[in-house]
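What follows is a set of notes on a single structure, which appears directly below.
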């Protein structure tokens, strides 16, 4: 009796379906991260700077400003947008944050007024020791402020609101 050995070259249909299913699941999880292009990181940076400005104002009992700087070079190698926290008056405290490279401040709006395109210049948010935030120097009433960020490679935008009464930030 002769034994014939059969060589299997290639993959079975079940193996191919299994591998394709795994690739599909992994791309469904990872792809959205790449499509946002750091937009989530930009939102996180904005949240951190708002929280730090609020904390400084309340704990030091001093007015604090958060300056959003949208002056950047828009060519092939853009500079990052900056967020600067500092106390008013003596300027003994100053902390600076950067948005990811392709994330930009896009619009700035005080609730109740029209949104303003924000492609250059600076905007200032004031944080008071009483725990409120506003847009206008010299007032003591809270204002809700909406800041829109944009990923310039895909055009994807997201907005966050600084709640004037509590200095919290929400979607």
Residue ID - nearest to residue 49 (Cα to Cα), chosen from residues in segment 129-157 that are surrounded by 20 or more Cβ atoms within 10 Å (Cβ to Cβ) and touching a helix residue (DSSP H, G or I) at 6+ places or on another chain (Cβ under 6 Å)
149
Regarding residue 113, is this residue over 17 Å from the mean Cα position of the chain (by Cα), over 25 Å from residue 58 (Cβ atoms), surrounded by fewer than 15 Cβ atoms within 10 Å (Cβ to Cβ) and touching a residue at least 24 places away in the same chain (Cβ under 8 Å)?
no
Do you know which of the residues in segment 22-40 that are touching a strand residue (DSSP E or B) at 6+ places or on another chain (Cβ under 9 Å) and modelled with pLDDT of 75 or more is nearest to residue 102 (Cα to Cα)?
39
All positions within segment 100-128 that are under 15 Å from residue 169 (Cβ atoms) and in contact with a helix residue (DSSP H, G or I) (Cβ under 8 Å, 6 or more places away or on another chain):
125, 127
Taking residue 97, is it in a strand (DSSP E or B) and in contact with a helix residue (DSSP H, G or I) (Cβ under 7 Å, 6 or more places away or on another chain)?
yes
The one condition in (1) assigned to a strand (DSSP E or B); (2) without any contact (Cβ under 8 Å) to a residue 24 or more places away in the chain that residue 79 fails to fulfil:
(1)
In segment 143-167, what residues are in a loop (DSSP other than H, G, I, E, B) and in contact (Cβ under 8 Å) with a residue 24 or more places away in the chain?
143, 144, 152, 153, 154, 163, 164, 165, 166, 167
Of all residues being closer than 16 Å to residue 89 by Cα and touching a strand residue (DSSP E or B) at 6+ places or on another chain (Cβ under 7 Å) in segment 127-151, which is modelled with the highest pLDDT? Just the residue, please.
127
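The values are calculated or read from the model by the stated rules, or taken from the named source; none is laboratory data. What you are looking at is a predicted structure, and each value in this text was computed from that prediction instead of being measured. Don't worry about glycine lacking a Cβ; one is built from the backbone with ideal geometry, like all the others, and counts go over all protein chains shown.
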